[in-house]
Amino acid sequence: MEFRMDRRLDAIGNAAIITDNQQISGDRIQYEELNETLRVIGNARIEGGGSVIKGPELRLNMGDTVGEMKQPTFYYKPAAPAAVSALPQTATSNAIRSNSRPLRNRLTKSAYDDSNKGYQPQLRTDTTAASRGDADAMFFEGQNKKRLTNARYTTCEAGVDDWYIRASEMEIDDFNKTGTARNARVEFLGVPILYAPKIDFSFQNLRKTGLLAPLIGTTTRSGFEVLTPFYWNIAPGMDATFGTRLLSKRGLQYQGEFRYMGETYQGGNNIEYLPSDTSTGENRYYAKLQHQQDFLNGWSAGYSLEKVSDDNYFSELSTRITTTSRVNLAQQASLNYADDVWDFNLLVQRYQTLGQRTFPYERLPQLTLNGTKDWEVGDRYVNTNLYTQWVSFNRSESQPNFLATPNGNLVTGVTGRRFTAYPSVSIPFTRPYGYITPKFGVHHTSYQLDNTDFTLNGVNGEYQSGTRTLPIFSLDSGLYYERNTRIVKNSYTQTLEPRLYYVYIPNRDQSAIPIFDTALADLNTSSLFQENQFTGNDRINNANQLTMAVTTRMLDARTGDQRFAATLGQRFNFTEQRVGLPGANLRRGDSSDIVAAVTAKLLSKWNVDAAWQYNTYDAELVRSNIGMRYNPEPGKVMNLSYRYTADLLDQINVSGQWPLSPRWYGLGRYNYSLEEHSPIEGLAGLEYDAGCWQARTVLQRVSTATADANYAFFFQLELGGLASIGASPMRYLERGIPGYTRSGEIQSSVTP
């Protein structure tokens, strides 16, 4: 070190100056004390704030952070993942989707949001990815501000130059972790594929106002389409996206999404409008409005309103089977209260029904009050519950006044009001080896009907206003056995859990009571232990029955993980069934179907889930669901499932993702109906993972509920998580292939 007192300091050989937030080093450092000027000669390096900048020489004023570096190269380290406290940046919603997830769940996602048909921001940086670049010159223009000329930027690792953003000028804000490139173009394998006068991007996945990448696709129904969205970052808890979607067979569609959230509220509004559809000549639209509000002292409220212009909107503009199969769009508002004892709900609800002959009842309104409290009596607790509900069932003037019975017959629908009260008390007796819980309650229902006449199978009849009161007694009991066992070299705890459940409900003639919201519950390992085999309050079955079931489990003695579980159960009836739905056949025989369920996790690679329902009276299988998954590691998954329901459903489903070579992955799904001898959904695709970029192409076929099958083609080029070109198929892949892993996430592709 050479000192010239009060004038200059020279540090020679592996020199370094360390400040509060960065370190500057080089072969030789000259520091002028009077004007705070720093000059680094040879191997200049600045490190701090997650970035490293290197060059042959550096000039910098330490007081105002103004200076220059020639021929710099820079590197930004990946940031540690952090909780998202504001809205993620997403593009506009699309009519093809039905996003029923709460907004709060959506807000915890990264900027790569596939909920909107795979549309994502034009430029983004994953919080787990590093990035680098170079330039002719870098100018330091104040604290955390830099300007580069003739710059390049990429997320590829050193030595891999597959793609770059090139810009005549690039500005970097280290404080906000954002960048702005002017006269920018994206080069892929040396070929320019995108040009923009100005591109804004973020190093740390921050939201930023600006145009998003245009998205291109094609479907058989709407033809070639191009979506051009614009994102508006209004505030930390508020954003909006606007877009135009050009459909070659239909015209220009306008889209908009507005989202917001605060400490006590959250919501979002989606609007889509297609004026004068060239295929139909009609104005077509989709709207969805949502809001949730938390008040003080346990009160909350919200609304969810959804509507489309016509029955074929989803089937003609959608490529998602979960959307094309929708037939009921809810329009409802609610007010809620909850504390340690009471739970209150006020609901106003109606539906827009698409392409149906039958319509759900409107609830105008529905009030539900439920109270639960445990009372300490001696050395045990007594559980008390009070369930009450009042509903006004109605139909709009535009809806036909009929409903469908289980056997397909039509019954004229009545309207009216229903009140239900069900107080009950139970006393659990528990021990480490088992339990027994007696329960007694009284179920009371009263009806006030507006119109009572009905027709069933061409025969006229009349419902009646009145009341129904039924006592209900149940006795639930179970035992726990366990033992240690070894299979091969592994130690397990095996359990044996027998369970008995008895129910008694006397018979009441209920044929004069209408059906507002009641159906027969599916029989499974859960409904075996329910008092009433009907859902809703219009029917309470007569019962003198005993359910017998047994469950066994295999628990890993080392980790406690459940490796295997099996349940077998059946209900035995000591009286004939006398209560049923209009037009439905009553139970035959003195026992229910046998139900069984098996789940297994073998060697952390195989997963098996199966369930069966077998009718012993007719000696035939009623329902069967079997699914198997082989998932030895991320990027390798095979799924095979079979679903059968007598006289209704008979389907096989095969899907998978598998590497074809070190960088190529094959994708596919085939869902076929054996009942209808036709495919329901098919999907085939390829993925290529080059490390800092991925390409995927997918062809999809979807059968729709109200029209013929629709075909869609997706192609996406994703450049290191920063730029994405094409329509993303990720939403369809993640839903259609359980266990699917995005190719860019299978292995880390960027290293320092």
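The values are calculated or read from the model by the stated rules, or taken from the named source; none is laboratory data. A quick note: this is a predicted structure, and the numbers were derived from the prediction, not measured. Neighbour counts run over all protein chains shown; Cβ positions are idealised from the backbone, glycine included. Remember, those area values only see protein heavy atoms, side chains included, never the ligands or the DNA or RNA. Shrake-Rupley method; radii C 1.70, N 1.55, O 1.52, S 1.80 Å.
Before moving on, here are some points about what is shown:
- Filter result for THR372 (open to solvent by less than 70 Å² (accessible area, probe 1.4 Å), at pLDDT 90 or above and either under 27 Å from TYR502 (Cβ atoms) or not in a strand (DSSP E or B) (or both)): yes
- Given (1) within 38 Å of the chain's Cα centre (by Cα); (2) exposed (fewer than 15 other Cβ atoms within 10 Å of the Cβ), index of the condition PRO514 fails: (2)
- Residue within the range 267-282 that is open to solvent by 10 Å² or more (accessible area, probe 1.4 Å), closer than 28 Å to ARG207 by Cα and in contact with an Asp or Glu (Cβ under 6 Å, 6 or more places away or on another chain) present: yes
- Considering the conditions (1) open to solvent by 30 Å² or more (accessible area, probe 1.4 Å); (2) in contact with a strand residue (DSSP E or B) (Cβ under 8 Å, 6 or more places away or on another chain), SER592 is excluded by exactly one of them, (1).
- Residue in the range 63-70 that is within 50 Å of the chain's Cα centre (by Cα), assigned to a strand (DSSP E or B) and modelled with pLDDT under 90 present: no
- The range 311-329, residues that are open to solvent by 30 Å² or more (accessible area, probe 1.4 Å) and either of a type in the set (S, T, N, Q) or at pLDDT 85 or above (or both): ASP311, ASN312, THR322, SER325, ASN328
- Here GLY560 clears all of (1) without any contact (Cβ under 8 Å) to a residue 12 or more places away in the chain; (2) touching a Lys or Arg at 6+ places or on another chain (Cβ under 9 Å) except the condition numbered (2).
- Residues being open to solvent by 40 Å² or more (accessible area, probe 1.4 Å) and either aromatic (Phe, Trp, Tyr) or touching a Gly at 6+ places or on another chain (Cβ under 7 Å) (or both) - total across the range 520-550: 2
- Among the residues of the range 183-198, none qualifies, meaning not one is crowded, with 18+ Cβ neighbours inside 10 Å and polar (S, T, N, Q).
- Condition check for THR525 on (1) within 22 Å of PRO432 (Cα to Cα); (2) in contact (Cβ under 8 Å) with a residue 60 or more places away in the chain; (3) of a type in the set (Val, Ile, Thr); (4) touching a Ser or Thr at 6+ places or on another chain (Cβ under 6 Å): one failure, at (1).
- Hits in the range 1-41 (condition: in contact with a strand residue (DSSP E or B) (Cβ under 7 Å, 6 or more places away or on another chain), under 15 Å from PHE140 (Cβ atoms) and not aliphatic (A, V, I, L, M)): ASN21, GLN22, GLU36, THR37, ARG39
- Residue count for the range 139-198, restricted to those that are at pLDDT below 85 and within 30 Å of THR37 (Cα to Cα): 8
- Just one of the listed residues (TYR642, TYR617) is out of contact with any strand residue (DSSP E or B) (no Cβ under 7 Å at 6 or more places or on another chain) and either β-branched (Val, Ile, Thr) or closer than 30 Å to ILE594 by Cβ (or both), namely TYR617.
- Test: GLY237 is more than 19 Å from LEU194 (Cα to Cα), touching a residue at least 24 places away in the same chain (Cβ under 8 Å) and in contact with a Gly (Cβ under 6 Å, 6 or more places away or on another chain): yes
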